[in-house]
Each structure stands twice: as C-alpha cells, then as structure tokens.
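Below is one structure; the comments refer to it alone.
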Amino acid sequence: MNRSDLITKESTFGIINHWALAISCIVLTISGFGFLFQIQGIGSAFSGFPAMKVVHNWTGVVFTASLFLSMFNWLKESLTFDSDDIGWILTAGGYLSHKAKVPPMHKLNTGQKFFYLTLLVSGFAIAATGFIIWLMPENKSMLVLSHFIHNVSFIVITAFIPVHIYLSTLGNPGTLRIMITGKIPYWWAKKKHPKWVRELEEGHGN
C-alpha cells in the first residue's frame, strides 16, 4: 500500500448504525435531563412533557436496536485484551504526554474498548429499565428499582458522552472521517492501528 492510499475501517452498515446510535443517544440524553430535573425549557422544545415522553420512549427503541446491532461490529474486538492494552493504560494512551511510548493497537484502542463495553452494559441497563417504566407502570416494586437503575445508568452514559465526542474529534484529528466515509489514510491507520494494518497486509484482517 502507498502512504496516500485509503483503507476501509468501517462498513456502510457500521456508519449508519453508529449515527443512529449517536443521534438517539443525544435525543435521549436531552429529554432525559428534561424529565430528571423537570426543565420546562426542554419540555417546551418537544411541545410539552407528554409529547417528549412519546419521543423519549420510541427513540429508546431505536437506541436499543442500534446498540444490539453494534455488537456485530465492536463486541468481539472490545473483549480482546493483551499486554499491549495494559501498556496503553499505563501510558494513558499518550493523551497526557506526547513523549509517552504507546503500545501498538489493533482496530480499536484500549480506551475505545472500555468506552464501548461501558456503553453496552449501561445502555442495556437503561433500555431494560426504560421498557419496564414504560410498559409496566402498575408494578410499583419494580418501578422504584427500575427508576434507580435507569437514572444511575443515565448518569454513567452522560458522563462518557462529552469525553467520547472530544476524543473522536479534537482529541484525535482525523477520527471523525470514519463516521462519515468509513475510510482512513493508510499512513494514519499505520500510526494509530499498526497491529490491525499488519493483519490486513497479511490477509487476516477485516
């Protein structure tokens, strides 16, 4: 491969699903804040709290479906750890110092793996409890527990979103293009994901 060549890092299906997951997550976060703190301005933006509840519930369906489908793209990679991942953690991925020697990464770096696993666990927790709150409002005992888990999961996801957005844009220039075209320059991939590129060149990657 030449330095200027483009290689595919994300499929069309992966791009569409990633956007569906991202947009639904943002809509749920905004409306969730509105419900949690009873913010009238947010409720008004959705034409009132009853309408916002409808939007929130059905957007939750989209989020749940997208989260499930994402497992076909990222789960296997996210569950694969080796000594280089430990090295990545010890060097904080090179984010705290440009002098740090970051171990070679595969298709996802260690931070991306942890983020995805956190999103997956918290996302399914918030989805499951959300459906209980929506469809089983008469079950008071389950409702109390569901609201607690729902809110805790919401806080976890909300805390990770701005970090993820920053690291996917300003923190790692060039990363956003993956969500737009699915392609990255060979030299960039070689620098950020050398283990994955090596497998591609040997005919073992995907």
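Observations on the structure shown:
- Matching option when the condition is acidic (D, E) and either under 19 Å from the mean Cα position of the chain (by Cα) or under 19 Å from K9 (Cβ atoms) (or both), among E138, E199: E199
- Within the range 34-66, the residues that satisfy the criterion of being aromatic (F, W, Y) and without any contact (Cβ under 8 Å) to a residue 12 or more places away in the chain are F37, W58.
- Residue list for the range 120-130, filter: within 23 Å of S168 (Cα to Cα) and either among the small types (G, A, S) or crowded, with 16+ Cβ neighbours inside 10 Å (or both): L120, S122, G123
- Scope the range 11-54; condition outside any helix (DSSP H, G or I) and aromatic (F, W, Y); matching residues: F46
- Each residue in the range 120-130 was checked for being closer than 15 Å to T158 by Cα and touching a residue at least 12 places away in the same chain (Cβ under 8 Å), and 7 pass.
- The condition of being out of contact with any helix residue (DSSP H, G or I) (no Cβ under 9 Å at 6 or more places or on another chain) and in a helix (DSSP H, G or I) holds for V144.
- Scan of the range 44-85 for residues that are polar (S, T, N, Q) and modelled with pLDDT of 95 or more, ordered by number: S44, S47, N57, T59, T64, S66, S70, S78, T80, S83
- Any chance I133 is surrounded by 20 or more Cβ atoms within 10 Å (Cβ to Cβ) and either touching a residue at least 60 places away in the same chain (Cβ under 8 Å) or not acidic (D, E) (or both): no
- Scope the range 168-201; condition among the basic types (K, R), part of a helix (DSSP H, G or I), touching a residue at least 24 places away in the same chain (Cβ under 8 Å) and surrounded by fewer than 17 Cβ atoms within 10 Å (Cβ to Cβ); matching residues: K195
- Only one entry of L69, L108, L117 meets the criterion of being in a helix (DSSP H, G or I), among the aliphatic types (A, V, I, L, M), touching a residue at least 24 places away in the same chain (Cβ under 8 Å) and surrounded by 15 or more Cβ atoms within 10 Å (Cβ to Cβ), and that entry is L69.
- Screening W88, W134 for residues that are part of a helix (DSSP H, G or I), at pLDDT 95 or above and within 25 Å of F63 (Cα to Cα) leaves exactly one candidate, W134.
- Within the set V27, V54, V62, the sole residue that is surrounded by fewer than 16 Cβ atoms within 10 Å (Cβ to Cβ) and of a type in the set (V, I, T) turns out to be V54.
- Only one of the numbered conditions (1) crowded, with 16+ Cβ neighbours inside 10 Å; (2) in contact (Cβ under 8 Å) with a residue 40 or more places away in the chain; (3) not in a strand (DSSP E or B) is violated by I7, and that is (3).
The values are calculated or read from the model by the stated rules, or taken from the named source; none is laboratory data. Treat the numbers as computed from the prediction; the structure is a model and nothing was measured. Don't worry about glycine lacking a Cβ; one is built from the backbone with ideal geometry, like all the others, and counts go over all protein chains shown.
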